[in-house]
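The values are calculated or read from the model by the stated rules, or taken from the named source; none is laboratory data. The structure presented is a predicted model; accordingly, all values stated were derived computationally and were not measured. Glycine also receives a Cβ, built like all others from the backbone with ideal geometry; neighbour counts cover every protein chain displayed. Just so you know, the surface numbers come from the protein's heavy atoms only, side chains and all, with ligands and any DNA or RNA stripped out. Shrake-Rupley method; radii C 1.70, N 1.55, O 1.52, S 1.80 Å.
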Amino acid sequence: MRKFNFSMPTKIVFGQDVVKDAGESLALGKKALIVTGKTSARLSGALDDVLSVLPGEYVIFDEVENNPTGENCAQGARLAREEGCDYIIAIGGGSPLDAAKVMAVLAVNDKQPLELYGGWEHKALPIAAIPTTAGTGSEVTPYAVLTLHEEETKKGLGGPDLFPAVAYLDAKYTASLPLQTTIDTAVDALSHLVEGYLSNRATPASDWVALQGIALWGTALPALRQGELSLEAREDLLLASMLGGITIAQTGTTMVHALGYPLTYFHDYPHGRANGVLMASYLEYTRDKAPERVDMVLELLDQPSLQAFRDLMDELFADYVGKLHVPEEAIKAYAAKAAKTKNIAYTLGTPSAEELTKILKDNIL
Ligand code: NAP
Ligand code: FE
């Protein structure tokens, strides 16, 4: 008997000029904290669009770092309290979107960021999320990922009130991305779709979403390979990324994300790239556990074999594959830490620390 639930409380508004078209309804309260990174909101044109229609007061916090820390989020939350903001507009890639979620909680809960891993009492401020990358899907997930120096890694936290109230998705905001960031983030989206489809928490409903997303991603792939992305291709990627977010909102992520975090924390690999260099080995590992599913992924991506998929990742990350040299002891430590995460519990076959070590060694030594 099948038994599952499917939760997607975020209102999704997708298409050209949706922010401007939202007009006054963009305001979810009286005073907004606009949260963004140093450049993305302005470069993408999203901030201009927001300010052109936003009624009421606002204050801007534009100091979100890539892979934000709790302290970075606490700064924004302090500003929200001082200014009496009652909702948040988050603009940017996954870093500002995730940071905005943590700020939304800290603004109304007297807690240290680390304490949030144990939960919180008061409902987070409502968020309108406007992605400027097509990758994380954070605009439709109940998660935020923080860099924890205390634990020398990145770690996700979650709660139903972290789903943004509304997500506005307009592909034109991703047009200012440099090509390599477009690739890195697109591969994060693929990783969510594939990990969700291959997760032991996959459900018939999450599968449907994941398969649509993988197919769309495949449609955009030729443009990604050529490095020439039309607005239509960018729209396919943004939609695929959103579907990836909806997928992992149900399933969570698996081994690829758990192993990718140390590559970001210790080696500065952007999040999607860290996933991308591991994904072919992940498919190889999963093949004997769910052969039809792995074959379906390859088919939807128009890849005739697993080796072709590996070559594809090598091509997209040509400047990076095999370039990371990490001592064996460090690799073992990364694998041992990853083995304890719930992402591994969600991975088909529940790989051991030794199996994870092998996957890292095969790709980054
Ligand atoms: P990001 O860290 O948000 O952004 C990467 C870089 O791209 C930044 O320098 C950013 O500039 C720039 N950028 C963003 N949009 C741009 C645009 N339109 N034009 C030009 N530059 C732009 O990257 P991301 O991959 O989207 O997010 C990664 C984070 O999300 C990681 O912390 C990851 O762990 C997390 N994540 C969260 C979830 C979730 O469900 N919540 C899922 C997967 C990953 P700025 O300096 O202005 O920001
Ligand atoms: Fe991710």
Checklist outcome for this item: GNM on the chain, Cα springs under 10 Å; top mean-square fluctuation among Gly260, Gly84, Gly94 goes to Gly84
Checklist entry - For the range 334-362, list residues with backbone N below 11 Å from a point placed 7 Å from the Cα of Asn200 toward its Cβ? => result 344-352
Item to check | Kirkwood Rh, angstrom, the range 11-173 [1 / mean 1/r, Cα pairs] | outcome: 15.2
Next on the checklist: Quick check: pseudo-label points 7 Å beyond the Cα along Cα→Cβ at Leu231 and Phe6, how many nm apart are they?
Outcome noted: 3.1
Next on the checklist: Tell me the per residue accessible area of the chain using a 1.4 Å probe; a whole number in Å² is fine.
Outcome noted: 41
Checklist entry - Given springs between every Cα pair under 10 Å in a Gaussian network model of the chain, which of Leu169, Leu33, Leu114 has the largest fluctuation? => result Leu114
Next on the checklist: I'd like the orientation of helix 271-287 relative to the chain: the angle between its Cα long axis and the longest Cα principal axis, in ° from 0 to 90, rounded to 10.
Outcome noted: 40
Checklist entry - By a straight-distance test (C-alpha under 18 Å), which lysines pair with Lys101 as possible cross-link partners, with residues fewer than eight away in the same chain excluded? => result Lys11, Lys31, Lys38, Lys111, Lys123, Lys154, Lys155
Checklist entry - Say the dipole of the chain comes from +1 at the beta carbon of Lys and Arg and -1 at that of Asp and Glu; which of Ala77, Phe6, Leu316 then lies farthest toward its positive end? => result Phe6
Item to check | Percent of beta bridges antiparallel (DSSP, the chain, rounded to nearest 5) | outcome: 25
Checklist entry - Among the lysines, which fall within straight-line cross-link reach of Lys289, defined as a Cα-Cα distance under 22 Å, with same-chain neighbours fewer than 8 residues apart omitted? => result Lys3, Lys340, Lys342, Lys358, Lys361
Next on the checklist: Out of the total accessible area of the range 178-364 (probe 1.4 Å, heavy atoms of protein only), what percent is carbon and sulfur?
Outcome noted: 53
Checklist entry - Roughly how many debye, to the nearest 20, is the charge dipole of the chain about its Cα centre, given +1 on each Lys and Arg Cβ, -1 on each Asp and Glu Cβ, and no other charges? => result 760
Item to check | log10 of Debye I(q)/I(0), alpha-carbon scatterers only, for the chain at 0.07, 0.09, 0.12 Å⁻¹ | outcome: -0.27, -0.46, -0.83
Checklist entry - Under a GNM of the chain (C-alpha, springs under 10 Å), which listed residue has the highest mean-square fluctuation: Ser230, Ser40, Ser199? => result Ser230
Checklist entry - Can you give the percent of C-alpha pairs in the range 297-364 whose distance is more than 20 Å? => result 47
Checklist entry - Mind listing the Cα extents of the range 178-364 along all three principal axes, in Å, largest one first? => result 45, 37, 28
Checklist entry - Considering only Val64, Tyr87, Leu162, whose Cα is most displaced toward the positive end of the charge dipole of the chain, charges sitting on Cβ of Lys, Arg (+1) and Asp, Glu (-1)? => result Leu162
Checklist entry - By a straight-distance test (C-alpha under 17 Å), which lysines pair with Lys172 as possible cross-link partners, with residues fewer than eight away in the same chain excluded? => result Lys20
